[in-house]
Amino acid sequence: MSSVGQVTAPPGPDSLTWQYFGDRRTYPLAPAAGIMQLMLPGLGAGVTQHSDFCTEPREPIFRALDPDDPAETRLPVVPDLVWKLFGKRFMREYMVVAAGTMPPAVRERLGLRRGPLERARCTALVRRVWPLLPERVRYAPRALAGIARVRGAS
């Protein structure tokens with residue numbers, strides 16, 4: 001254990017920080033936090049009055065998923081045609097994932113289902129697809145930069 005004022009090395013690839021916070025599988029936790037914040041009357045009213053989230057949800061969602069990506073390279077995140085073809089299905093799946101990360105009382109209040117079938121679908125999808133994705137997709141940009149630094153040093 002380090003004492004106050006003692007300088008310690010930054011976390012490395014074996015640390016929990018590297019293993020979890022740079023891994024994009026943790027991103028599905030963000031919607032639950034956002035949705036629960038929007039349930040607060042004052043915050044929800046502010047979003048409704050000053051944001052187009054309710055009518056155009058894709059930008060804030062993708063912006064939250066990759067805050068390191070500058071907006072000028074991201075807009076539009078998903079072309080209109082692609083969103084028109086797949087947006088409703090994406091939002092349906094997005095809500096299944098979001099519901100799974102919420103406490104049961106919040107799910108119940110919002111009328112969201114999360115049973116064994118939804119849990120199994122999400123688990124199977126992540127377990128099958130995640131290992132097939134390239135690192136640049138699996139990890140956030142800052143995590144990738146750290147991984148590259150460590151690999152370059154070894």
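Observations on the structure shown:
- Amide proton proximity set for TYR139, modelled H, under 5 Å, gap of 5+: ARG24
- Computed 3J(HN,Hα) for region 81-88, one whole-Hz value per residue from the Karplus formula 6.51 cos²θ - 1.76 cosθ + 1.60 where θ = phi - 60°, is 4, 4, 5, 5, 6, 10, x, 5, glycine and proline marked x.
- Backbone phi angles across region 19-35, fed through the Karplus curve with coefficients 6.51, -1.76 and 1.60 (θ = phi - 60°), yield HN-Hα couplings of 5, 10, 7, x, 7, 5, 5, 7, 4, x, 6, 5, x, 4, 4, x, 5 Hz in residue order; Gly and Pro are listed as x.
- Shown here for region 91-125: trypsin sites (Lys or Arg not before Pro) in loop regions (DSSP other than H, G, I, E, B) with at most 14 other Cβ atoms within 10 Å, namely ARG113.
- Amide H contacts of PHE53: none lie under 5 Å away among residues 5 or more positions distant or on a separate chain (H built 1.01 Å from N in the peptide plane; Pro and chain starts excluded).
Throughout, read-outs are computed from the coordinates displayed, never taken from laboratory work. From a predicted model like this one, the values you see are computed outputs, not experimental measurements. Note: ideal-geometry Cβ built from the backbone for every residue, glycine included; neighbour counts use all protein chains shown.
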